[in-house]
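A short write-up of the structure that comes next.
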Amino acid sequence: MCKLCELKPVYEFTNQRKLCRRCFAKWFQKKVLYTIRKFSMINREDIIGYAKSNTFRNAVLEDVLKMFAEKTNVELVKLPSRKRFTKFAFPSTTDSKAYDFVSRLINSKIKINDLNELLPKGKIVIKPLYLFLDKEVLLYAKIKRLKFKRGKKVFSKIEKFIDESEKKHPEVKRAIVNSFLKLYI
């Protein structure tokens, strides 16, 4: 049962703490706000640009940015747009970064300058979903009934290996990202 409201849980943390739908959505939003605040991602005068896409990550990013904008009056710009923006919000998660880091490590293609190669040149990039796993982002999208398309993803051998490792050793994706950051940044 959910520790706070005694309802059926939808998510369980590695420490066996369980949350119901409402409590999970609240926790998710608080963690996004914490991430933005901790890493000083957004200032009051910023104009945040984000790309519209049909993936669950983009749907959640748009939802949490709108929630943040309502609380702080920060301006959002859906791209492409003629309006200039000061920062670009990218829907990167712990999973996507762990896959990317291990792939680059195995293929010996790690260069610090390449980390943001797909992002707009000359823009400050923020990643409000960076501390979340894909399963948490997907669950939030389902709970909030956000519209997204579920395409069939083809997993590489590296992604399958990391996912299987995560099942046996929870927190391995976070450990990969943290180790990479300590080594290369």
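Is there a residue being modelled with pLDDT of 90 or more and not in a helix (DSSP H, G or I) anywhere in the stretch 133-140?
Yes, the conditions are met somewhere in the stretch 133-140.
Do we find a residue being at pLDDT below 70 and not acidic (Asp, Glu) anywhere in the stretch 154-165?
Yes, the stretch 154-165 has at least one match.
What do you reckon, is residue 102 touching a residue at least 60 places away in the same chain (Cβ under 8 Å) and either among the hydroxyl-bearing types (Ser, Thr, Tyr) or closer than 16 Å to residue 144 by Cβ (or both)?
no
Restricting to the stretch 1-43, name every residue that is surrounded by 12 or more Cβ atoms within 10 Å (Cβ to Cβ), of a type in the set (Lys, Arg) and more than 30 Å from residue 124 (Cβ to Cβ).
Listed by number, the residues that qualify are 3, 17, 18, 21, 22.
Could you go through the stretch 5-25 and let me know if any residue there is of a type in the set (Phe, Trp, Tyr) and either over 16 Å from residue 146 (Cβ atoms) or part of a loop (DSSP other than H, G, I, E, B) (or both).
Looking through the stretch 5-25, at least one residue is of a type in the set (Phe, Trp, Tyr) and either over 16 Å from residue 146 (Cβ atoms) or part of a loop (DSSP other than H, G, I, E, B) (or both).
For residue 41, indicate whether it is closer than 26 Å to residue 142 by Cβ, modelled with pLDDT of 90 or more and touching a Ser or Thr at 6+ places or on another chain (Cβ under 8 Å).
Taking the combined requirement at face value, the residue satisfies it.
Checking the condition at pLDDT below 90 and under 21 Å from residue 52 (Cβ atoms), which residue from 116, 107 passes?
It is 116.
The values are calculated or read from the model by the stated rules, or taken from the named source; none is laboratory data. Everything numeric here is computed off the predicted structure, so don't read it as measured data. Don't worry about glycine lacking a Cβ; one is built from the backbone with ideal geometry, like all the others, and counts go over all protein chains shown.
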